[in-house]
Amino acid sequence: MNKNYEPPIHWNDYEDIAMALYEKFGDDFTESKIYRIRFTELLEWVLSLPNFEGKREEANEGHLEQIQAAWVYEWRDNQD
């Protein structure tokens, strides 16, 4: 099995999306900045993630809210 293979990510994979966003942006976004991201911007970032296979038309506000919350938890987990 290829160790570099990562399974596809879909809209309900909030934690996986949050980890990918944290890996991409690191500490550029603090908790308050994450919550101020416009959903239109967040949508584009999620769609551009490697391995993301969800479709734009499948996105909804609930997904984006869950992603934001998961991203905040991911950010918090990485603060020492």
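A compact table of results
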{"quantity": "Filtered trypsin sites (Lys or Arg not before Pro), the chain: DSSP coil and at most 14 other beta carbons within 10 Å", "calculated": "K3, R38, K55"}
{"quantity": "Leading residue at positive end of dipole, the chain (Cβ point charges), from N78, L43, H10", "calculated": "L43"}
{"quantity": "Solvent exposure of the chain as accessible area per residue, Å², 1.4 Å probe", "calculated": "68 Å²"}
{"quantity": "Apportionment of accessible area to carbon and sulfur, the chain, percent (1.4 Å)", "calculated": "46 percent"}
{"quantity": "Region 10-67 - charge dipole about Cα centre, Lys and Arg +1 at Cβ, Asp and Glu -1, debye rounded to 20", "calculated": "220 debye"}
{"quantity": "Filtered GluC sites (Glu not before Pro), region 30-80: DSSP coil and at most 16 other beta carbons within 10 Å", "calculated": "E53"}
{"quantity": "In order through region 34-50: 3J(HN,Hα) via Karplus (6.51 cos²θ - 1.76 cosθ + 1.60), integer Hz, x for Gly, Pro", "calculated": "4, 6, 9, 5, 5, 4, 5, 5, 4, 4, 5, 5, 5, 4, 8, 5, x"}
{"quantity": "Cα Rg, Dmax (largest Cα-Cα span) when computed across the chain, Å", "calculated": "12.4, 40"}
{"quantity": "Model label zone, E23; criterion: amide N under 16 Å from point 7 Å along Cα-to-beta-carbon; scope region 46-62", "calculated": "46-54"}
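The values are calculated or read from the model by the stated rules, or taken from the named source; none is laboratory data. Every value quoted in this text rests on a predicted model; they were computed, and no experiment measured them. A quick note on method: Cβ atoms are made from the backbone with ideal geometry, for glycine too, and the neighbour counts reach across all protein chains shown. The area values use the complete protein model at the heavy-atom level, side chains included, leaving out ligands, DNA and RNA. Shrake-Rupley method; radii C 1.70, N 1.55, O 1.52, S 1.80 Å.
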